[in-house]
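Notes to accompany the following structure.
All of the numbers you see were taken from the coordinates with simple rules; none came from a lab. As the structure is a computational prediction, the values presented were derived from the model and not from experiment. Virtual Cβ from ideal backbone geometry, glycine too; neighbours counted across all protein chains shown.
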Amino acid sequence: MTEVAELAAAAGGVDAAAGLRAALALRRLAEEPEALQVDDARRQGWSWRAIAAALRGSKQAVHEKYAGRRPLHAAEEA
């Protein structure tokens, strides 16, 4: 079984402590590719509104989360 499958199984289990730890781990796994895609979308000229729509969030929330951080592909831009 893969790590993601194990985490998903734990997140859906009856042990609340294990489930919460697994849910946190899954969220952290999902945040990195999301950040990479936001960086790519911004480089391609996407607006914050368009990114928010794709992520099904508000423009303000997406902007607050990603606008002030250094892009993950920063080495490629140097």
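Across segment 46-63, in residue order, what do the Karplus-derived ³J(HN,Hα) couplings come to in whole Hz, using 6.51 cos²θ - 1.76 cosθ + 1.60 with θ = phi - 60° and x for Gly and Pro?
Each residue's phi maps through the Karplus curve to give 5, 7, 4, 5, 5, 5, 4, 5, 5, 8, 6, x, 8, 4, 4, 5, 5, 4 Hz.
Defining a contact as two alpha carbons under 8 Å apart and six or more residues distant in sequence, what relative contact order in percent does the chain show?
Relative CO of the chain lands at 21 percent.
Under a point-charge model restricted to the Cβ atoms of Lys and Arg (+1) and Asp and Glu (-1), what is the dipole moment magnitude of the chain relative to its Cα centre, in debye to the nearest 20?
Dipole magnitude for the chain comes out near 420 debye.
Identify which of the listed values of Cα Rg over 2.2 N^0.38 Å was calculated from the structure shown: (1) 1.65; (2) 1.03; (3) 1.36.
The listed entry that was calculated here is (3).
Summing -39500 (n - 2.57) over the DSSP H runs of n ≥ 4 in the chain and dividing by its residue number, what mean residue ellipticity at 222 nm do you reach, to the nearest 500 deg cm²/dmol?
Only helices count here, giving -22500 deg cm²/dmol.
Quick check: the distance between the Cα centres of segment 1-47 and segment 52-71, to the nearest angstrom?
17 Å
If you take every residue apart from Ala10 with its C-beta less than 15 Å away from the C-beta of Ala10, what net charge results, scoring Lys and Arg +1 and Asp and Glu -1?
0
How would you rank 38-51, 14-27, highest first, on the average number of other Cβ atoms within 10 Å across their residues?
Ranking the peptides 38-51, 14-27 by packing returns 38-51, 14-27.
With r defined as the distance between the Cβ atoms of Asp40 and Ala5 and R0 fixed at 30 Å, what FRET efficiency is calculated, to the nearest 0.05?
The computed FRET efficiency comes out at 0.65.
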